[in-house]
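Accompanying notes for the structure given below.
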C-alpha cells in the first residue's frame, strides 16, 4: 500500500526525462517498450459490480480504484454496474472478447462466474474481489475479515446506554458473518451481557427493507447500529437519525450521510486494493488469493465525531495498537 507514492514519482520522472531528451517518440502512459523496442498496447482494465457505483461505499470505492488505475497507469478503463447474477458470466465474456487485459469482478458473488469464464480466455487476467478461487489466470483478493467487526463492536459496547445494539447486514455469507461474529465479541469484551441483534436482509441495495430492519431493532431498544451493506445503508442511517440513535458506517467514512448520527465507520481501502492487485498482475505475481488488513493499512477505523468521549476513543485506539503489536489475538476465520 505504501508503494503508491513511489510508483507515481517514478512514472513522473520517466515522463520528465523522456520530454527532456527532446524525443518525439516518448512513451505514452500505460505503455511499456517491448523486447524489440516497440511500444506495447495500452493497458485495458474493466470492472463489473452488482450494485450502483453511486452507493457511497463499496461500489463507489471500486470505481474510485478503477479511476486511479486509469490515472497512474494511463489505462483505458470501462465498467458495468448493477449487473444481475444471471448476467455476470456474459458481461465478463464480453469484456474478455473486447481485449481487456484485466477484469475485476467486485464482490464474492463473482467467484463462480469468474471460475467459469477464465479458462476460456487464457490471455486475460481475472480478479475476484472478496473471492476465494485462484489459479492459472484467475486471482482473488480481499480484506482480512473479522478485524473491523471487533473494533466497531467495542465502539458499540462502549457507547450504548440501553445495553442493546444491532447490526443490519446484507447476506449471511462467510465474508459478512466473520465481521458480525467478531462484532459480538468486541461488544462482549467491553460490555458483558449486552444484547446484539443481527438482521440479514438478503440484499445489498434494498433501502426500504434495510430501514424496516433497523426500525425493528431500534423499537426493541437498540441505540447503536452497525450497517454492513451497499446502497441500503442510507435506510439504516435514516432510521437511526429519526430515533435519535447512533450508527456506524462500513467501507468508507459515511459520516457525511448523517453527520450527527454516524459516529465512525469501519474503513476498507478498496482503492488501494485495486492498485495493489494491478501491481501484482503487471509484476507477474503468483495467481493466488491475496489478503490485506490493518497491518497493510488496508483497513482502519474512521475518525470519531465529537460526541464520542475521549476515553472511548482512547480505549479503542489502544486495542487496535495492541492488535497490531501482536498482543491482542482476534478470532479471525481462515476464509
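The values are calculated or read from the model by the stated rules, or taken from the named source; none is laboratory data. All values derive from a computational prediction rather than experimental measurement. Heads up, the Cβs are rebuilt from the backbone with ideal geometry, glycines too, and the neighbour counts pull from every protein chain shown.
Structure above, values below:
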{"read-out": "Lone qualifier among 173, 245 - being farther than 18 Å from residue 150 by Cα and either without any contact (Cβ under 8 Å) to a residue 60 or more places away in the chain or touching a helix residue (DSSP H, G or I) at 6+ places or on another chain (Cβ under 9 Å) (or both)", "value": "245"}
{"read-out": "Odd one out for residue 323 among (1) in a strand (DSSP E or B); (2) in contact with a helix residue (DSSP H, G or I) (Cβ under 8 Å, 6 or more places away or on another chain); (3) touching a residue at least 40 places away in the same chain (Cβ under 8 Å)", "value": "(1)"}
{"read-out": "Residues of region 264-299 classified as over 22 Å from residue 147 (Cα atoms) and in contact with a helix residue (DSSP H, G or I) (Cβ under 7 Å, 6 or more places away or on another chain), total", "value": "1"}
{"read-out": "Filtered residue count, region 164-202, keeping only those that are assigned to a loop (DSSP other than H, G, I, E, B) and surrounded by fewer than 17 Cβ atoms within 10 Å (Cβ to Cβ)", "value": "5"}
{"read-out": "Complete set of residues in region 134-158 that are more than 16 Å from residue 175 (Cα to Cα), outside any helix (DSSP H, G or I) and in contact with a strand residue (DSSP E or B) (Cβ under 8 Å, 6 or more places away or on another chain)", "value": "134, 137, 138, 139"}
{"read-out": "Residues located in region 74-114, provided they are under 21 Å from the mean Cα position of the chain (by Cα) and farther than 24 Å from residue 203 by Cβ", "value": "77, 78, 102, 103"}
{"read-out": "Hey, residue 51 part of a loop (DSSP other than H, G, I, E, B), in contact with a helix residue (DSSP H, G or I) (Cβ under 8 Å, 6 or more places away or on another chain), surrounded by 16 or more Cβ atoms within 10 Å (Cβ to Cβ) and at pLDDT below 50 or not", "value": "no"}
{"read-out": "Which listed residue, of 160, 152, 132, 124, is surrounded by fewer than 24 Cβ atoms within 10 Å (Cβ to Cβ), in contact with a helix residue (DSSP H, G or I) (Cβ under 9 Å, 6 or more places away or on another chain) and outside the structural domain of residue 278 (by TED's automatic domain parsing)", "value": "160"}
{"read-out": "Test: residue 89 is in contact (Cβ under 8 Å) with a residue 40 or more places away in the chain, more than 13 Å from residue 44 (Cα to Cα) and not assigned by TED's automatic domain parsing to the domain that holds residue 166", "value": "no"}
